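First the structure, in the form of structure tokens, and then the observations on it.
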Amino acid sequence: MAKQYSASGTSVNILTGDGDTLQLINTYTRVSLMKRGFGNYETIDLHNLEESRGIRRPSQIIDLKALMGDASDNIPGCPGVGPKTALKLIA
């Protein structure tokens, strides 16, 4: 739905706790990630994606997950590759 609405030029804000949705960010779509505590969240869009996650494009979220793995999504990742190494490889 986010892709459909943003394609028509409608602003979309996704409120979630799942960082996988960061791959949906575009000119019209931003993601507000919930953190621990009531009312505590971080809003990420194209302007602050690199600052907050260390990547330049939303599609690189997929690359990060593939390299470092994600137990909650049953993605094994590469042995010995964590977040820091994955970001270096992508850069």
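The values are calculated or read from the model by the stated rules, or taken from the named source; none is laboratory data. For clarity, every value in this text was computed on a predicted model and none was experimentally measured. All Cβ positions, even for glycine, are placed from backbone atoms using ideal geometry, and neighbour counts span all protein chains on display. All accessible areas refer to the heavy atoms of the entire protein, side chains included, with ligands and DNA or RNA removed. Shrake-Rupley method; radii C 1.70, N 1.55, O 1.52, S 1.80 Å.
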Item checked: First in the range 70-91 and open to solvent by 80 Å² or more (accessible area, probe 1.4 Å), second anywhere and part of a helix (DSSP H, G or I), Cβ under 8 Å, 6 or more apart -> P83/L64; P83/M68; L89/L67
Item checked: Close pairs (7 angstrom Cβ cut-off, 6 or more residues apart or separate chains): within 15 Å of I14 (Cα to Cα) in the range 31-59, small (G, A, S) and not in a strand (DSSP E or B) anywhere -> L33/G17; L33/G19; M34/G17; E42/S52; I44/S52
Checklist line | Boolean, L24 is at negative phi and touching a Cys at 6+ places or on another chain (Cβ under 6 Å) | finding: no
Checklist line | Considering residues of the range 1-57 that are under 11 Å from the mean Cα position of the chain (by Cα) and of a type in the set (G, A, S) only, the residue modelled with the highest pLDDT | finding: S32
Note to self: Within the range 17-40, take every residue that is open to solvent by 60 Å² or more (accessible area, probe 1.4 Å) and touching a Ser or Thr at 6+ places or on another chain (Cβ under 9 Å) and give me the one that is nearest to D70 (Cα to Cα).
What the structure shows: D18
